Amino acid sequence: MNREILFESTQLGPYTLKNRIVLPPLTRSRSSQPGNIPNDLMADYYRQRAGAGFMVTEGTQIEPRGQGYAWTPGMHSPEQVEGWRKITAAVHAEGSIIFAQLWHVGRVSHNSLQPGGAAPVAPSAIAADNVKVFVETGPGQGALTEPSVPRALTTAEVKELVQLYAQAASNALDAGFDGVELHCANGYLVNQFISSHTNRRTDEYGGPLQNRLRFLREVVQAVADVVGKERLGVRFAPLFASTEEDRVYLGLVEDDPHETYIEAIKVLEQVGIAYVSLAEADWDNAPELPETFRNDVRSNFSGKILYAGKYNVERGVRVVKAGWGDLIAFGRPFIANPDLPERIAQGWPLNAVDPATMYGGTDKGYTDYPSYRP
């Protein structure tokens, strides 16, 4: 297997990456309370994994209403920005590049996570199904529960949200990030606007596909105006099939996913952003994205293409060699193997991930996974 292709340097916007291996966004729920503040433990976690050529943080909410899970970090308070500075400094000291993933969950939330116990906000007042949210039940204790019924945003509020994304992007630059990724996947807010299943609006943001893409278009442009289009990425999860497995939320299957996401990618191409990240289905025996779709993405997008979703080395090499992708993200393997790039290069065995310590808790299952000692 020609794994050397994963260790070629490549250009991403203004940055020369040392390899094609990516630490993708991975929710770990370790921020300090109260205030959802990034901390020294998180800085150690990201520093350990800075062998990646490119790193994207866990989803970080752009405003208080954007939170759908307990203990996830934010990017909207001065204390949060200060906390993130420790993380960017630690990663830069190790010679890696890190973007902040900006996140708003929309309807995938619970009253207890919302300011004043209010209803979550969404394009339309349609409750999320097939998904659980994680709420705090006591200090350091939490439980999964059904999302609360959301309320529909007014047109004016939608426009205000565009500016909240821009402000969060500005905060990310202030925190020392090299750029930002917009979380437009997995059934969260931007995805809710795109999908006909969750967007029943009758204003300029609803109805035909091009209207449903308007929020995406406005957010991408507003953030590009702040950080620079060459320092901006967008994540989609173009599902072509679903599953009944009880698992982490993957998102929405459109009536015509090919058309929906190629049109969305054309929006990104018009703005000229640095990369698109495509999160594939990752349940056991999930189908891969159709080759016709992969080819169409490449022909409609001139930036870098990042693939994620239960990738192993062999699959990653195949996608790069085929010309479909430029960067390959490894999620669970990176959780359990802080030295993953070196393990891949040397063909060393991998630590197994501990599912029980994925979300919340201490350094156990977070920063205590050992590096390989030959």
What pairs come out if I take residues in region 27-50 that are over 28 Å from E342 (Cβ atoms) and in contact (Cβ under 8 Å) with a residue 12 or more places away in the chain and pair them with residues that are open to solvent by 50 Å² or more (accessible area, probe 1.4 Å) and not polar (S, T, N, Q) whose C-beta lies under 7 Å away, six or more apart or interchain?
G35/E79; I37/E79
Considering every residue within region 346-353, establish whether at least one is open to solvent by 50 Å² or more (accessible area, probe 1.4 Å), of a type in the set (A, V, I, L, M) and in contact with a Lys or Arg (Cβ under 8 Å, 6 or more places away or on another chain).
yes
Which ranges mark the strands (runs of 3 or more DSSP E) fully within region 69-163 that have 2 or more residues being closer than 22 Å to G176 by Cβ?
98-103
Restricting to region 199-241, and then to whatever is free of Cβ contacts under 8 Å to residues at least 40 places away in the same chain and farther than 26 Å from A308 by Cβ, can you tell me which residue is farthest from the chain's Cα centre (by Cα)?
T202
State which residue is nearest to V22 (Cα to Cα) when the search covers only region 317-344 and only residues that are in contact (Cβ under 8 Å) with a residue 60 or more places away in the chain and open to solvent by 50 Å² or more (accessible area, probe 1.4 Å).
E342
Using the structure shown, decide if V131 is of a type in the set (A, V, I, L, M), in contact with a Phe, Trp or Tyr (Cβ under 6 Å, 6 or more places away or on another chain) and within 24 Å of R28 (Cβ to Cβ).
yes
When restricted to V226, V234, the only residue open to solvent by less than 20 Å² (accessible area, probe 1.4 Å), under 29 Å from F54 (Cβ atoms) and in contact with a helix residue (DSSP H, G or I) (Cβ under 8 Å, 6 or more places away or on another chain) is V234
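The values are calculated or read from the model by the stated rules, or taken from the named source; none is laboratory data. Fair warning: this is a prediction, and the values are worked out from it, not measured in the lab. Glycine gets a Cβ as well: all are built from the backbone with ideal geometry, and neighbour counts include every protein chain shown. Protein only, heavy atoms only, side chains kept; ligands, DNA and RNA dropped before computing areas. Shrake-Rupley method; radii C 1.70, N 1.55, O 1.52, S 1.80 Å.
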